[in-house]
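Here is the structure we will look at, set down as structure tokens.
The values are calculated or read from the model by the stated rules, or taken from the named source; none is laboratory data. A quick note: this is a predicted structure, and the numbers were derived from the prediction, not measured. For neighbour counting, all protein chains shown are included, and Cβ atoms are generated from backbone atoms with ideal geometry for every residue, glycine included.
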Amino acid sequence: MAGQEGGALDSASGTDRPPSGSLSFVDSIKTDIAIVGAGGAGLRAALAAAEARPDLGIALISKVVPMRSHTVAAEGGAAGVVQAHDRLEDHFNDTVSGGDWLCEQDVVEFFVRRAAAELTQLEHWGCPWSRQADGRVAVRAFGGMGTERTWYAADKTGFHLLTTLFQTALRHPGIRRFDEHFCLDLLVADGRVQGVVALDLAAGAIRLIQAKAVILATGGAGRVYRFNTNGGIVTGDGLALAYRHRVPLRDMEFVQYHPTGLPGTGVLVTEGCRGEGGILLNRDGYRYLQDYGLGPETPIGQPRNRTMELGPRDRLSQAFWFEQQKGRTLRHPVWGDVVQLDLRHLGEARIDERLPFVRELARAYANVDPVHEPIPVRPAVHYTMGGIETDCRAATRLPGLFAVGECASTGLHGANRLGSNSLTELLVFGRVAGEEAAQIAATTSLDASPALRREADAIAARARSLINPDGQESVPALRDALGEAMEAGLGIFRTEEGMQQTADQIASLKRRYRAARVTDRSNVFNTEWLQALELGFLLDVAEAMVHSALARRESRGAHHRLDAYRSRDDERFLKHTLSRFRDDGPPEIGHAPVTITTSPPAQRSYGGDGRGSGER
Amino acid sequence: MNGTIVIEVQRYRPEQDPHPWWQAFELDYRPEMSVLDALHQIRDRHDSGLAYRWSCRMAICGSCGLMVDGVPRLGCKTFLRDYYPDRIRLGPLAHFPIERDLIVDLRDFLDKLAAVKPYLIRAAQDERPSEPRRQTPAQLARFLPFAQCISCGLCYAACPEYGLNNRFFGPAALALLHRYNRDSRDQGRAERLPTMNAEDGVWGCTFVGYCSQVCPKGVDPAAAINQGKIVSVIDYVRHLVGLSPATLGQDATQEGER
């Protein structure tokens, strides 16, 4: 290919811009169900809808090719009771105590009953679950789970789960993919959702996709923080879309720090490492978790459930913070403070069988081989427990709109999610959402309303107005400032003062965002514009998080405070936080009751203490 | 040892550039930086219009394939320290149409992956399954290496046959076909045979083996394709002696292993 060579360094050659693209609608599409997001949750919903009603048209809309969705990066496994000596009520109790009693207990009951059947369905679709010698599915221990019940495919469970769902979906002609389509907004009219408006990134066209039901399955919002385990695409899109249409976001203050991210990058190192027997050491080679209510120390190579390294994530990340305060973490010249995850005693054969991806990642991104050296790790933002409020059928308050997966708050996770519950969640509730949406599609007809077209025009114009070459504010600078503000005020531990400061900073960033500079007018993969649109979503989600956190004047699960509210306060705060969007200022914060069925709030205890009956 | 490094990036903006061209950027260098980090630095500090795909930055989502000094690689798993202090040239994946800058059109590749029937095919459809089927670790190991593909497209950029004739199914798709054929739970081999036996199936491969060299996940499509050739030959012989391919059982590929 004949390319022009060289030019001076950094000389942006060619200042001429293409004629500002006339973004007209190339097509307006009618379908039965529109699904936004094609990771595990979106695909499972699509499959359920297609199986329930093969005649339905299902638009599967994703800003990436489905296999790029962040489900792909889940490592450790998916929980579901399968062993003869395990019990559904144990999975229930582990989940509810793990969530510090903020779980919707009817939802948890529904979930644990459906879990194994969904994982079995995955097996029948071809998922390569790891096996025992006799061919039965293997399960591993996981943090906060009292029995081994985490199904896994080595340490690439999310990758295999997503691959299986994606490839199985290829069988269904009713599922039409809209890859690399970015959802700009929901179409809402007559009190119900009627479709979405999406930008085709390759063509620059804006498409009106009219649907009888819409399922949001866009994943979490980890990218509101700077240091996180999430892919770059995890920008809270669905959360912001629903929120702007006044659908409440629930429990947004609960953001999970995964205790073991690689320093520097935040790349995830699975909890499966500890499930297999890996241990955490401070700078003195001491297993510090025993100092934080997780002991007594277990012998190396004999992990015990709900003890030490198999405690829940909130507790382990908090323990890191205390070690850091005491100066007992290691100081790396580039990466800052770390502790060590030691797998050496597992031996090469077991590491290669059960944790091959961790070995690959540690070598590539930390330059250590876990067979021979401990892996440096530190907590990294990983998961948003909160999300779009839904009921047990994945339905939101807006008729026709469903939410599923990380973007949803079914109430399953409460104040702290247990590892390996979320992959199962997206299967269980993805299926429910697909079936429910199919039901609605059967009984609803599409309006031929020109009002929708006008609304879509307005949405396109609003998105388009973000292109502003004269803007004074750099989008990357705003994004970085947001990440730093969130880490400063809404980290593992929080104070009123710190959170207020973060809230003020976000308000200021939102003002500055109105003057964001977007110079590119191209219609073809305009990623500069895309980033600016995503930043708008991130800012709204971050605002919901910080105001929800300010309103929770207690400490529970992943929301822990160092000011006057250091302990759990069931009197005043055994309730969900609801954040409602307002155009002209911070969200309105309300509350909703928590459904308690069989497990009244009790003391949360792990390690030796947890063996008593107190929490059961 | 922090200095600067020069990265040359191939640019192509279809609405204004008649041809692709090269642009050089001088970046702050840190030894832990990946090629993807370098692209972020260019976009954030030098040219906000630079277009490239990325997401997981941990070598599992398959988004960030590109040519690094002419070699297909994942940007997130290629480190500047392995090139420093030399300059590095970054181009879009070879053999695919360029959409813009480092973004190529992968639709043909993705369509081929979908065309090999990459799902379990059963003689009789199972009802709602009540329990998992059994599969021993040995049965799992027969196909697991071929189930690691992240659809990044590097092997197509490496494949000289695909570069000459993009009707060739290519490495990843044929490896995927092989993955399902080797799964003890699958009964769809006969349905996949026509694809495999076709001129543009396994016989299109001239066994250069570069696909396996560049695969970031160790899939070894070249081995898959050549095991596929053996299956294809056995099928041909059986056809000559009057056996239908549908009778081709598990045994056929067992012979083709190793």
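Among (1) more than 10 Å from chain A (Cβ to nearest Cβ); (2) modelled with pLDDT of 95 or more; (3) at negative phi, which single condition is B:Asp69 missing?
Result: B:Asp69 fails condition (3) only.
Only one of these conditions is not met by A:Ala117: (1) among the hydrophobic types (A, V, I, L, M, F, W, C); (2) facing chain B (nearest Cβ under 9 Å); (3) within 26 Å of B:Leu177 (Cα to Cα). Which number is it?
Condition not satisfied by A:Ala117: (3).
Scan segment A:385-421 for residues that are touching a strand residue (DSSP E or B) at 6+ places or on another chain (Cβ under 8 Å) and closer than 29 Å to A:Arg359 by Cβ and jot them down.
If the condition is that a residue be touching a strand residue (DSSP E or B) at 6+ places or on another chain (Cβ under 8 Å) and closer than 29 Å to A:Arg359 by Cβ, then A:Glu406, A:Asn416, A:Arg417, A:Leu418, A:Gly419, A:Ser420, A:Asn421 are the ones that fit.
Going by what's in this entry, would A:Thr270 be described as in a loop (DSSP other than H, G, I, E, B), within 14 Å of chain B (Cβ to nearest Cβ) and in contact (Cβ under 8 Å) with a residue 24 or more places away in the chain? Explain how you work it out, then say what you get.
Numbers: in a loop (DSSP other than H, G, I, E, B): yes; within 14 Å of chain B (Cβ to nearest Cβ): yes; in contact (Cβ under 8 Å) with a residue 24 or more places away in the chain: yes.
Judged against the criteria, A:Thr270 is a match.
Being in the same structural domain as A:Ser130 (by TED's automatic domain parsing) and out of contact with any Gly (no Cβ under 9 Å at 6 or more places or on another chain) narrows it down to one of A:Glu104, A:Glu89, so name that one.
Values: A:Glu104 fails: out of contact with any Gly (no Cβ under 9 Å at 6 or more places or on another chain).
Going through A:Glu104, A:Glu89 in turn, the sole match is A:Glu89.
Are any residues in segment B:102-116 more than 27 Å from B:Val35 (Cβ to Cβ) and surrounded by 19 or more Cβ atoms within 10 Å (Cβ to Cβ), and if so, which ones? Before the answer, list the steps.
Filtering segment B:102-116 for residues more than 27 Å from B:Val35 (Cβ to Cβ) gives B:111, B:114-116.
Passing the criteria: only B:Val116.
From the list B:Asp28, B:Asp86, B:Asp37, which one is farther than 20 Å from A:Pro476 by Cβ and of a type in the set (D, E, K, R)?
Values: B:Asp28 fails: farther than 20 Å from A:Pro476 by Cβ; B:Asp37 fails: farther than 20 Å from A:Pro476 by Cβ.
Every option except B:Asp86 fails the conditions.
Only one residue in B:Pro97, B:Pro72 is farther than 28 Å from A:Thr164 by Cα and not acidic (Asp, Glu). Which one?
Values: B:Pro72 fails: farther than 28 Å from A:Thr164 by Cα.
Answer to the selection: B:Pro97.
Cβ contacts < 8 Å: first residue over 18 Å from A:Thr410 (Cβ atoms) and not assigned by TED's automatic domain parsing to the domain that holds A:Arg397, restricted to segment A:583-602; second residue in a loop (DSSP other than H, G, I, E, B) and acidic (Asp, Glu), any location; separation 6+ or different chain. Result?
A:Ala602/A:Glu615
Considering each of B:Leu193, B:Leu174 in turn, give the residue that is surrounded by 24 or more Cβ atoms within 10 Å (Cβ to Cβ) and closer than 28 Å to A:Trp129 by Cβ.
Values: B:Leu193 fails: surrounded by 24 or more Cβ atoms within 10 Å (Cβ to Cβ).
Exactly one residue qualifies, and that residue is B:Leu174.
Yes or no, residue by residue, for (1) under 26 Å from the mean Cα position of the chain (by Cα); (2) more than 14 Å from chain B (Cβ to nearest Cβ); (3) surrounded by 20 or more Cβ atoms within 10 Å (Cβ to Cβ); (4) not small (Gly, Ala, Ser):
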| residue | (1), (2), (3), (4) |
| --- | --- |
| A:Leu316 | yes, yes, yes, yes |
| A:Lys326 | no, yes, no, yes |
| A:His332 | no, no, no, yes |
| A:Trp335 | yes, no, no, yes |
| A:Arg344 | no, yes, no, yes |
| A:Asp352 | no, no, no, yes |
| A:Pro356 | yes, no, no, yes |
| A:Asn367 | no, no, no, yes |
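Here's a check for you: in segment B:74-92, which residue that is more than 11 Å from chain A (Cβ to nearest Cβ) and crowded, with 23+ Cβ neighbours inside 10 Å is farthest from B:Ser212 (Cα to Cα)?
Within segment B:74-92, the match that is farthest from B:Ser212 (Cα to Cα) is B:Leu90.
Just the residues that are within 27 Å of A:Ala45 (Cα to Cα) and not β-branched (Val, Ile, Thr), please, taken from segment A:456-488. So that I can check it myself, show each step before the final result.
Let us first name the residues in segment A:456-488 that are within 27 Å of A:Ala45 (Cα to Cα), namely A:456, A:459.
Result: A:Ala456, single match.
Out of curiosity, is A:Arg53 out of contact with any Leu (no Cβ under 7 Å at 6 or more places or on another chain) and crowded, with 24+ Cβ neighbours inside 10 Å? Steps first, answer last, please.
Numbers: out of contact with any Leu (no Cβ under 7 Å at 6 or more places or on another chain): yes; crowded, with 24+ Cβ neighbours inside 10 Å: no.
Against the criterion (out of contact with any Leu (no Cβ under 7 Å at 6 or more places or on another chain) and crowded, with 24+ Cβ neighbours inside 10 Å), A:Arg53 does not qualify.
Considering only segment A:388-403, I want to know if a residue exists there that is more than 29 Å from A:Thr120 (Cα to Cα), buried (at least 17 other Cβ atoms within 10 Å of the Cβ) and touching a residue at least 60 places away in the same chain (Cβ under 8 Å). Steps first, answer last, please.
Taking segment A:388-403 first, the residues more than 29 Å from A:Thr120 (Cα to Cα) are A:397-400.
Subset that is buried (at least 17 other Cβ atoms within 10 Å of the Cβ): A:398, A:400.
Subset that is touching a residue at least 60 places away in the same chain (Cβ under 8 Å): A:398, A:400.
Yes, segment A:388-403 has at least one match.
For segment A:462-480, state whether one or more residues are of a type in the set (Val, Ile, Thr), surrounded by fewer than 16 Cβ atoms within 10 Å (Cβ to Cβ) and either in the same structural domain as A:Ser555 (by TED's automatic domain parsing) or at pLDDT 95 or above (or both). Don't jump to the end; show me each part of the working.
First, the residues of segment A:462-480 that are of a type in the set (Val, Ile, Thr): A:467, A:475.
From the residues that got through so far, the ones that are surrounded by fewer than 16 Cβ atoms within 10 Å (Cβ to Cβ) too are none.
Among the residues of segment A:462-480, not one is of a type in the set (Val, Ile, Thr), surrounded by fewer than 16 Cβ atoms within 10 Å (Cβ to Cβ) and either in the same structural domain as A:Ser555 (by TED's automatic domain parsing) or at pLDDT 95 or above (or both), which makes the answer no.
Residue by residue through segment B:22-68, note down the ones that are touching a Leu at 6+ places or on another chain (Cβ under 8 Å) and polar (S, T, N, Q).
The answer is B:Ser34, B:Gln41.
Starting from residues that are within 8 Å of chain B (Cβ to nearest Cβ) and touching a residue at least 24 places away in the same chain (Cβ under 8 Å), keep the ones in segment A:121-153 and report whichever is farthest from the chain's Cα centre (by Cα).
A:Val137
Restricting to segment B:159-171, and then to whatever is touching a Ser or Thr at 6+ places or on another chain (Cβ under 9 Å) and under 15 Å from B:Tyr210 (Cα atoms), can you tell me which residue is surrounded by the most Cβ atoms within 10 Å (Cβ to Cβ)?
Of all residues in segment B:159-171, those touching a Ser or Thr at 6+ places or on another chain (Cβ under 9 Å) come to B:160-161, B:169, B:171.
Narrowing the set further to residues that are under 15 Å from B:Tyr210 (Cα atoms) leaves B:160-161, B:171.
Numbers: B:Pro160: 14, B:Glu161: 21, B:Pro171: 31.
For segment B:159-171, the residue satisfying everything is B:Pro171.
Please tell me if A:Leu280 is crowded, with 23+ Cβ neighbours inside 10 Å and either part of a helix (DSSP H, G or I) or on the phi > 0 side of the Ramachandran plot (or both).
Numbers: crowded, with 23+ Cβ neighbours inside 10 Å: yes; either part of a helix (DSSP H, G or I) or on the phi > 0 side of the Ramachandran plot (or both): no.
Here the answer is no, as A:Leu280 does not meet what is asked.
From the list A:Leu216, A:Leu208, exactly one residue is more than 14 Å from every other protein chain (Cβ to nearest Cβ), aliphatic (A, V, I, L, M), buried (at least 24 other Cβ atoms within 10 Å of the Cβ) and in contact with a strand residue (DSSP E or B) (Cβ under 8 Å, 6 or more places away or on another chain). Which is it?
On the way: A:Leu208 fails: buried (at least 24 other Cβ atoms within 10 Å of the Cβ).
Exactly one of A:Leu216, A:Leu208 is more than 14 Å from every other protein chain (Cβ to nearest Cβ), aliphatic (A, V, I, L, M), buried (at least 24 other Cβ atoms within 10 Å of the Cβ) and in contact with a strand residue (DSSP E or B) (Cβ under 8 Å, 6 or more places away or on another chain), namely A:Leu216.
Filter segment A:159-175 for residues that are facing another protein chain (nearest Cβ under 7 Å) and not in a helix (DSSP H, G or I); which is nearest to A:Gly405 (Cα to Cα)?
Applying the filter and picking the extreme gives A:Leu170.
Just name the residue that is farthest from the other protein chains (Cβ to nearest Cβ) out of those in segment B:38-56 that are in contact with a Gly (Cβ under 9 Å, 6 or more places away or on another chain) and touching a residue at least 24 places away in the same chain (Cβ under 8 Å).
For segment B:38-56, the residue satisfying everything is B:Ala38.
Taking B:Tyr29 as the residue in question, decide whether it is touching a residue at least 12 places away in the same chain (Cβ under 8 Å), more than 10 Å from every other protein chain (Cβ to nearest Cβ) and among the aromatic types (Phe, Trp, Tyr). Walk me through it before giving the result.
On the way: touching a residue at least 12 places away in the same chain (Cβ under 8 Å): yes; more than 10 Å from every other protein chain (Cβ to nearest Cβ): yes; among the aromatic types (Phe, Trp, Tyr): yes.
So B:Tyr29 passes the test.
On the given criteria, is A:Arg44 within 14 Å of chain B (Cβ to nearest Cβ) and buried (at least 24 other Cβ atoms within 10 Å of the Cβ)? Spell out the reasoning first.
Working: within 14 Å of chain B (Cβ to nearest Cβ): no; buried (at least 24 other Cβ atoms within 10 Å of the Cβ): yes.
Answer is no for this residue.
Residue by residue through segment A:69-99, note down the ones that are part of a loop (DSSP other than H, G, I, E, B) and crowded, with 23+ Cβ neighbours inside 10 Å. I'd like the intermediate steps shown before the answer.
First, pick out the residues of segment A:69-99 that are part of a loop (DSSP other than H, G, I, E, B): A:69, A:74-77, A:80-87, A:99.
Result: A:Ser69, A:Ala74, A:Glu75, A:Gly76, A:Gly77, A:Gly80, A:Gly99.
So that you can scan it fast, the table gives a plain yes or no per residue for (1) touching a strand residue (DSSP E or B) at 6+ places or on another chain (Cβ under 9 Å); (2) surrounded by 20 or more Cβ atoms within 10 Å (Cβ to Cβ); (3) under 30 Å from A:Asn305 (Cα atoms):
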{"position": "A:Asp520", "(1), (2), (3)": "no, yes, no"}
{"position": "A:Phe537", "(1), (2), (3)": "no, yes, no"}
{"position": "A:Ala542", "(1), (2), (3)": "no, yes, no"}
{"position": "A:Ser548", "(1), (2), (3)": "yes, yes, no"}
{"position": "A:His559", "(1), (2), (3)": "yes, yes, yes"}
{"position": "A:Asp569", "(1), (2), (3)": "yes, no, yes"}
